[in-house]
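Structure, as structure tokens:
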Amino acid sequence: MVRFCPTSKRCLRGAPKADAPKHSIAFVGIDIGKNSFHVVGLDEQGAIVLRQKWSRGQVEARFSNMPPCLIGMEACVGAHHLTRGLQKLGHDTRLMPAR
């Protein structure tokens, strides 16, 4: 399940907040690492509603529970495989060249 957070300091550190409003995630940015992925989700207004660190095995499982959204990530060896899997789930994925 994806946890939605307002921009309070307590929630940005990862602690759940029971009275957090349910925002829909429109855009997601993924920073791909060797074993972990840093995921940041934005709503339509550009406010951060999701900021978490996921393991490699959690990515497709968590995105399968989310409505389709635009996902951006840096193009690397593993990104192409991940992009194909997320596109099968209905997400619009975009790869950006490394600089």
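Okay, residues lined up against (1) surrounded by 12 or more Cβ atoms within 10 Å (Cβ to Cβ); (2) at pLDDT below 90; (3) not in a helix (DSSP H, G or I):
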{"site": "4", "(1), (2), (3)": "yes, yes, yes"}
{"site": "10", "(1), (2), (3)": "no, yes, no"}
{"site": "14", "(1), (2), (3)": "no, yes, yes"}
{"site": "28", "(1), (2), (3)": "yes, no, yes"}
{"site": "44", "(1), (2), (3)": "no, no, yes"}
{"site": "54", "(1), (2), (3)": "yes, no, yes"}
{"site": "81", "(1), (2), (3)": "no, no, no"}
{"site": "84", "(1), (2), (3)": "no, no, no"}
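Quickly run through the stretch 60-70 and pick out the residues that are touching a residue at least 24 places away in the same chain (Cβ under 8 Å) and of a type outside the set (S, T, N, Q).
Those that are touching a residue at least 24 places away in the same chain (Cβ under 8 Å) and of a type outside the set (S, T, N, Q): 60, 62, 63, 66, 67, 68, 69, 70.
Of the residues that make up the stretch 57-77, is at least one assigned to a helix (DSSP H, G or I) and touching a strand residue (DSSP E or B) at 6+ places or on another chain (Cβ under 7 Å)? Give the derivation first.
In the first step, residues of the stretch 57-77 are kept if they are assigned to a helix (DSSP H, G or I); the result is 57-64, 77.
Remaining after also requiring touching a strand residue (DSSP E or B) at 6+ places or on another chain (Cβ under 7 Å): 59, 62.
Looking through the stretch 57-77, at least one residue is assigned to a helix (DSSP H, G or I) and touching a strand residue (DSSP E or B) at 6+ places or on another chain (Cβ under 7 Å).
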Q: Give the residue that is surrounded by the fewest Cβ atoms within 10 Å (Cβ to Cβ), with candidates limited to residues of the stretch 86-99 that are over 20 Å from residue 24 (Cβ atoms) and of a type in the set (A, V, I, L, M).
A: 98
Q) Looking only at the stretch 30-42, which residues are out of contact with any Phe, Trp or Tyr (no Cβ under 6 Å at 6 or more places or on another chain) and in a strand (DSSP E or B)? A) 31, 32, 36, 38, 40, 41
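Right, residue 50: at pLDDT 90 or above and either part of a strand (DSSP E or B) or surrounded by fewer than 11 Cβ atoms within 10 Å (Cβ to Cβ) (or both) or not?
yes
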Q: Six or more apart or on different chains, Cβ under 7 Å: which pairs go from a residue in the stretch 39-52 that's within 13 Å of residue 29 (Cβ to Cβ) to one that's modelled with pLDDT of 95 or more and among the basic types (Lys, Arg)? Could you list them?
A: 40/51
Q: Search the stretch 63-78 for residues being surrounded by fewer than 16 Cβ atoms within 10 Å (Cβ to Cβ) and under 13 Å from residue 30 (Cβ atoms), and hand back the single one that is modelled with the lowest pLDDT.
A: 78
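The values are calculated or read from the model by the stated rules, or taken from the named source; none is laboratory data. What you are looking at is a predicted structure, and each value in this text was computed from that prediction instead of being measured. Quick reminder, even Gly has a Cβ in these numbers, built from the backbone with ideal geometry, and neighbours come from all protein chains shown.
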